[in-house]
Amino acid sequence: MSAIYTTDEYGRPFIIVREQDKKSRKTGIEATKAHIMAAKTVSNIVRTSLGPRGLDKILISPDGDITISNDGATIMSQMAIENQIGKLLVELSKSQDEEIGDGTTGIVVLAGALLEQAEELLDRGIHPIRISDGFERACKIAVAHLDKVSDVIPWSKDDTSDLFKCAKTSLGSKIVNKCHDQFAQMAVDAILAVADLERKDVDFELIKMEGKVGGEMADSALVKGVIIDKDFSHPQMPKDIKDAKIAILTCPFEPPKPKTKPKLEITTVKEFEELQKYERDTFENMIKQVKDCGANVVACQWGFDDEANSLLLQHKLPAIRWVGGPEIELLAIATNGRIVPRFEDLSAEKLGAAGTIREVTFGTTNETMIVVEDCANSKAVTVFVRGGNKMIVDEAKRSLHDAMCVVRNLIVDNRVVYGGAAAEISCSIAVDKEADQVSTIEQYAMRSFARALDAIPMTLAENSGLPPIETLSFVKSEQIKQGITSLGVDCMDTGINNMKEQFVFDPLISKRQQYLLATQLVKMILKIDDVIVHKSDDQ
Amino acid sequence: MAGRGPQVPMMQPQVIVLKEGTDTSQGVPQLLSNISACLAVCDTIRTTLGPRGMDKLIVDGQGRVTISNDGATIMKLLDVVQPAARTLVDIARAQDAEVGDGTTSVVLLAGELLKEVREFVEEGVSSQAIIRGVRRAAELAIARIGELAVTVDRADAAEARALLEKCAATSMSSKLIGSQKEFFTRMAVDAVLRLDQEQLDEGMIGIKKVPGGAMQDSLLVDGVAFKKSFSNAGFEQQPKSFDAPRIACLNVELELKAEKDNAEVRVDRVADYQAIVDAEWRIIFDKLDAILATGANVVLSRLPIGDLATQYFADRNVFCAGRVQKDDLDRVCEATGCRVQSTTTDLTAAHLGTCERFEERQIGGQRFNLFRGCPEAKTCTIVLRGGAEQFIDEVERSLHDSIMVVRRAVKSHSVVAGGGAIEMELSRYLRDAARRIEGKQQLIIAAVAKALEVVPRQLCENAGFDTTDFITQLRARHAQDPDRFRWYGVDIEEEAVTDLFAKFVWEPALVKINAIASAAEAACLVLSVDETVSSQKSQDPMPAGRPMPGR
């Protein structure tokens, strides 16, 4: 505490730092160890979610909302971690989530394992920066090795079987593996529908996810079009429209209002009647304009009152009101229509086209949705997820998102490594081998890095109910003996260790990112030797 | 202490000179206590120096976390209140503003100067004499740097670039990005060289942070990049890439809205109603038509672009982005040569800018608008990636330091060796010089010479080397043959005493000159103070309604 609270030669205390009594401070190795402790605790929490036999966590938010998840990033962000280092790990898994979308659990487990190894080295008296230097060197070797063991998987618009397998690997650990094939196919189809294959760009905003509680998970489907969570404005309107021409409007069905505050004073009965007439005329005029351009369905961003509603019904114009902004946009993209801001601007070429528009009712509830299908442009798709309860629907959505990210990554870069921790084991062997050729202290750190990589297959085996040490040593020796780098932990107990035959793939960029990010974060944590925390008043 | 009055005979009433509650202390004790305070602050940042220096994690009152190795940043966040110690904070900040690097060493040096002269203060040497000595020593040292500094030939472009890269690398080695030195030095040098070489305005280097990805995934865009702003419905129907776009930059709100907030229109007849509505639409359509008439196909505005305008543009295959940050827009102008227009009347094709390619692209989890291949590219953007926000923040600070160093080095081409070599050489020089000076000055200058050794000493200490061994070796080398061993310093990589100039551990001479000058100034300032008068913090003014005392 000497730096903050000091007494001078005459024993008088003097204050250097503002409100020093409210600050706590930790320095040196003590600080580093406290950080490692915190990080280990956090990573132990998500550890058991790793792999196809990993278990889920239930998280209850302060408001009582329940989330059940197997996704590392989701669990971490919901945990509301207070500790600073813990927060760093949360951000770590978040950035893996944002960048790659998958492998968020693995990265935290790896970072935790690295720190655990670092602790041992610190106990031996090795300078923290030497440790992180060693880790970095090892990481470089591991990443280079990943490139070497990676395989290119061929895919094309017609042959998506390999993409499908990768999506399956990602979905393996999730709750949806009941309908494994179906969800994997949905993920692949959705991405391929929106992907810009030339620029290798995938815009996730074109994929909408809708969930509805009820029904079975197997009822989930990919709709090549848009689902709008609304119903037709009048119950007597037709529920099924073929060859629809949609007018997409962003103006309300009412007499236009100037934005500048208008004021109309009515003094005589005649004037009042005129106003009424004007209103009616505008309505009729509007409907006429819609009819004239050939539209047979109206989607409106705003509402309209009962009078307009009944007029629409009279003129046999089914209408959907209060369609939200993003949905309007998707609808326009899907149907190749243009969003029209004024009735005057309506014309035939601005209408959107869709094969069918129908209103769907679910189960016994009164909930309905409007499904727009067979659209002119298939660039916008909607994933519709069903499930027994809200938690499952949410988790299914998250899982599907992860799987879609995997497919996206493969479109960007179609190199893969083998899952089931085959890549980790192979990297661990490579790092160990290189480490022996390093003459400085970094050798120790590099070996520790290899040990940390081993933690992934061990955890995987543990979660799958296999003896971890036995499994690891068996696979490792087999890899060296046979020289096949695709041997991994057989989590599903199929009797096959070769992940190539089991079709367990991970995108190369995902693995590469895991190693790099985890190493960088560990370096950052190891580099801190002084923590000054300003406690808030209530503590 | 209740005010301070002159010493007066017992019977007379005490004369109150200062307001009640004013704290004063004076004389040598005060001076010593100030020095202790400075030393205490120094101790905090001591361990951050050098390639094996550690970082500090600071959590402030609002719970914001900063992890940093940068002296100026740490000093600022420490929130020092002791007045003498604050001078150290100020010199760190000044060093940051002036040269951008060496902020830790300047504080360390100032602290060490104070530590070395402290015993003279205790022995009762007049502080004025000490100050004179310190100033003299600083002058000598600075003059010596001038003699020693090696000037690199400007004419040879490759050589000049190598110089810049080496300077940037030295500044970076102590930072989190130290292991990716090569990658980031190239980026820093490229960024600076892209600027207008006359002005070197670092504001023209945009730094964007995108969480996710490894730091190796950071990239330098030879133009402008900024995050996609909020967009209205219809945006996704706009085209997202252009070759040779025509860019219009506006400061106009493109939205259907009331022209004046509190205006009111009185309508006499129902028929007029429609006329007003039409008039309002015409206002916005006139604006949109004017923009379109110039042939622009990328429209940027600082103010919002409403859904109507978005859809209008989407209809006509024009890309638009509203609410673009001011500095981004400025850099777009700088890069593409367009002018920001505050009105759409008189908008002509001459106001438009262009570049080779515009596109919207996914970077990490965000969509970015990229303008590349700009004709007047006096600007560039660095997109930083990293695993956590604090991580990227620290990378940004480190990169900023290097950019500043490079900027400085572009102007002055003289360099010295880092790693404590120059300090060791100055220390030897001052020690020799001191012997030729008579009087108290000799002692003071020798003390300054000793203080300069703090840099190599701390480097060793942070790296876990045997400090005494290294320092004595260095002293011996420098004394044996000042010319041959001139650039010998602590080589962290090799764990030995070697010629660092040959190892390309270079720093701009300016950084060192500035560091020594400011450290000496700060030390002199602290030494010249012999009394602190701090008036008591004014308390809350008397709560209302409370009766005034005495009545």
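Coordinate-derived values only; no laboratory data. These numbers were taken from a predicted model, which means no experiment stands behind them. Using ideal geometry, Cβ is built from the backbone for each residue, glycine included, and neighbour counts are taken over all protein chains shown.
Would you please state the base-10 log of I(q)/I(0) at q = 0.07, 0.09 1/Å for chain B, with intensities from the Debye formula using one equal scatterer on every alpha carbon?
Each listed q maps to, in turn, -0.58, -0.82.
Against the longest principal axis of chain B, how steep is helix B:421-435, in degrees 0 to 90 to the nearest 10, with axes from Cα atoms?
Computed tilt is about 40 degrees.
Suppose R0 equals 25 Å. What FRET efficiency, 1/(1 + (r/R0)^6) with r the Cβ-Cβ distance, do A:K242 and A:E367 give to the nearest 0.05?
The computed FRET efficiency comes out at 0.55.
Rule-of-thumb check for segment A:107-221: C-alpha Rg over 2.2 N^0.38 Å?
Dividing the Cα Rg of segment A:107-221 by 2.2 N^0.38 Å gives 1.57.
Any idea which of A:I480, B:A225, B:M75 is furthest toward the positive side of the dipole for the protein assembly as shown, if Lys and Arg beta-carbons carry +1 and Asp and Glu beta-carbons -1?
B:M75
Averaging the inverse of every distinct alpha carbon separation and then flipping it gives the Kirkwood radius. What is it for segment A:446-494, in angstrom units?
11.1 Å
Let me see the pair-distance distribution of chain A: every alpha carbon pair, 10 Å bin width, integer percents in order.
Result, from short to long distances: 3, 15, 21, 18, 15, 12, 9, 5, 2, 0, 0 percent.
For a quick check: sort A:D56, A:D529 by the number of other beta carbons within 10 angstrom, fewest at the front.
Starting with the residue having the fewest Cβ neighbours, the order is A:D56, A:D529.
Once you list every other residue whose beta carbon is under 11 Å from the beta carbon of B:R316, what net charge do they have if Lys and Arg are +1 and Asp and Glu are -1?
Once positives and negatives cancel, what remains is -1.
Summing -39500 (n - 2.57) over the DSSP H runs of n ≥ 4 in chain B and dividing by its residue number, what mean residue ellipticity at 222 nm do you reach, to the nearest 500 deg cm²/dmol?
-15500 deg cm²/dmol
Helix-derived [θ] at 222 nm for chain A: sum -39500 (n - 2.57) over DSSP H runs of at least 4, divide by residue count, nearest 500?
Per the formula, -15500 deg cm²/dmol.
For peptide A:248-255, how many partner chain Cβ atoms fall within 10 Å of a residue's Cβ, on average?
Partner Cβ neighbours, averaged per residue: 2.
Expressed as an acute angle from 0 to 90° and rounded to the nearest 10, what is the orientation of the C-alpha long axis of helix A:84-99 relative to the principal long axis of chain A?
Helix A:84-99 and the main axis of chain A meet at about 50 degrees.
To the nearest 0.05, what FRET efficiency results for A:I469 and A:I66 with a Förster distance of 51 Å applied to their C-beta separation?
Efficiency at R0 = 51 Å is approximately 0.90.
Would you kindly give the portion of the calculated P(r) for segment B:343-424 that falls above 18 Å, as a percent of all Cα pairs?
The answer is 69 percent, as a whole percent.
Any number yet on Rg/Rh for segment A:223-313, C-alpha, Kirkwood?
Rounded to two decimals, Rg/Rh equals 1.05.
Give me the distance in nm between label points sitting 7 Å out from Cα along the Cα-to-Cβ direction at B:D286 and A:K316, one decimal.
My value for the distance between the label points is 4.4 nm.
Which trypsin sites (Lys or Arg not before Pro) in segment B:460-503 pass both tests, a DSSP loop state and at most 11 other beta-carbon atoms within 10 Å?
Taking segment B:460-503 and a limit of 11 other Cβ atoms within 10 Å, the loop trypsin sites (Lys or Arg not before Pro) found are B:R484.
Between A:D229 and B:R269, what is the label-to-label distance in nm when each label sits 7 Å out along the Cα-to-Cβ direction?
Calculated label separation equals 5.0 nm.
Taking every Cα atom in segment B:267-410, find the radius of gyration and the maximum pairwise distance Dmax, and write them in Å.
20.4, 74
Percent of alpha carbon pairs in segment A:307-452 separated by more than 19 Å?
74 percent
Once you put a point 7 Å from the Cα of B:V125 and another 7 Å from the Cα of B:R339, both along the Cβ direction, what distance in nm separates them?
6.5 nm
Over the Cα atoms of segment B:276-316, what is the Rg over Rh ratio if Rh follows Kirkwood?
Rg divided by Rh gives 0.96.
Please list, in order, the residues from segment B:370-413 whose amide nitrogen is less than 15 Å from a point placed 7 Å along the Cα→Cβ vector of A:K200.
Under cut-off, by backbone N: nothing.
With r defined as the distance between the Cβ atoms of A:K178 and A:A34 and R0 fixed at 41 Å, what FRET efficiency is calculated, to the nearest 0.05?
Computed FRET efficiency for A:K178 and A:A34 comes out at 0.45.
Let me know the Kirkwood hydrodynamic radius for the protein assembly as shown, please, with Cα pairs as the basis and the value in Å to one decimal.
33.9 Å
In µm²/s, what is D for segment B:112-255 at 25 °C and 0.890 mPa s, where D = kT/(6 pi eta Rh) by Stokes-Einstein and Rh is the Kirkwood radius from Cα pairs?
This corresponds to a translational diffusion coefficient of 115 µm²/s.
Within straight cross-link reach of A:K165, meaning Cα distance under 18 Å, which lysines are found once same-chain residues fewer than 8 apart are removed?
A:K157, A:K174, A:K178, A:K500, A:K511
When B:W487, B:W281, A:W322 are ordered from fewest to most other Cβ atoms inside 10 Å of their Cβ, what list results?
Final ranking by Cβ density, sparse to dense: A:W322, B:W281, B:W487.
If you take the Cα Rg of segment B:157-215 and divide it by 2.2 N^0.38 Å, with N the number of residues, what do you get?
1.22
Would you mind calculating the gained length between A:K390 and A:S439 on full extension (0.36 nm times residue separation, minus the Cα-Cα distance), in nm to one decimal?
Between A:K390 and A:S439, full extension yields 11.9 nm more.
When only DSSP loop residues count, what GluC sites (Glu not before Pro) in segment A:151-229 have their Cβ near at most 13 other Cβ atoms within 10 Å?
Answer by residue number: A:E198, A:E216.
Which stretch or stretches of segment A:293-327 have amide N atoms under 20 Å from the point lying 7 Å from A:E349's Cα along the Cα→Cβ direction?
A:293-296
With loop defined by DSSP as not H, G, I, E or B, and exposure as at most 11 other Cβ atoms within 10 Å, which is the longest segment of chain A clear of exposed trypsin sites (Lys or Arg not before Pro)?
A:317-539
What do you get for the angle between helix B:27-46 and the principal long axis of chain B? Use alpha-carbon atoms, 0 to 90 degrees, nearest ten.
The helix B:27-46 is inclined about 50 degrees to chain B.
Let me check I've understood the local charge: for B:V65, count other residues with C-beta under 13 angstrom from its C-beta, Lys and Arg +1, Asp and Glu -1. What total comes out?
So the surrounding residues net to -4.
Which Rg and Dmax, in Å, describe the Cα atoms of segment A:188-245?
In Å, with Rg to one decimal and Dmax whole: 15.5, 47.
Viscosity 1.567 mPa s, temperature 4 °C: give me the Stokes-Einstein translational D for segment A:43-199 in µm²/s, with Rh taken as the Kirkwood radius over C-alpha pairs.
71 µm²/s
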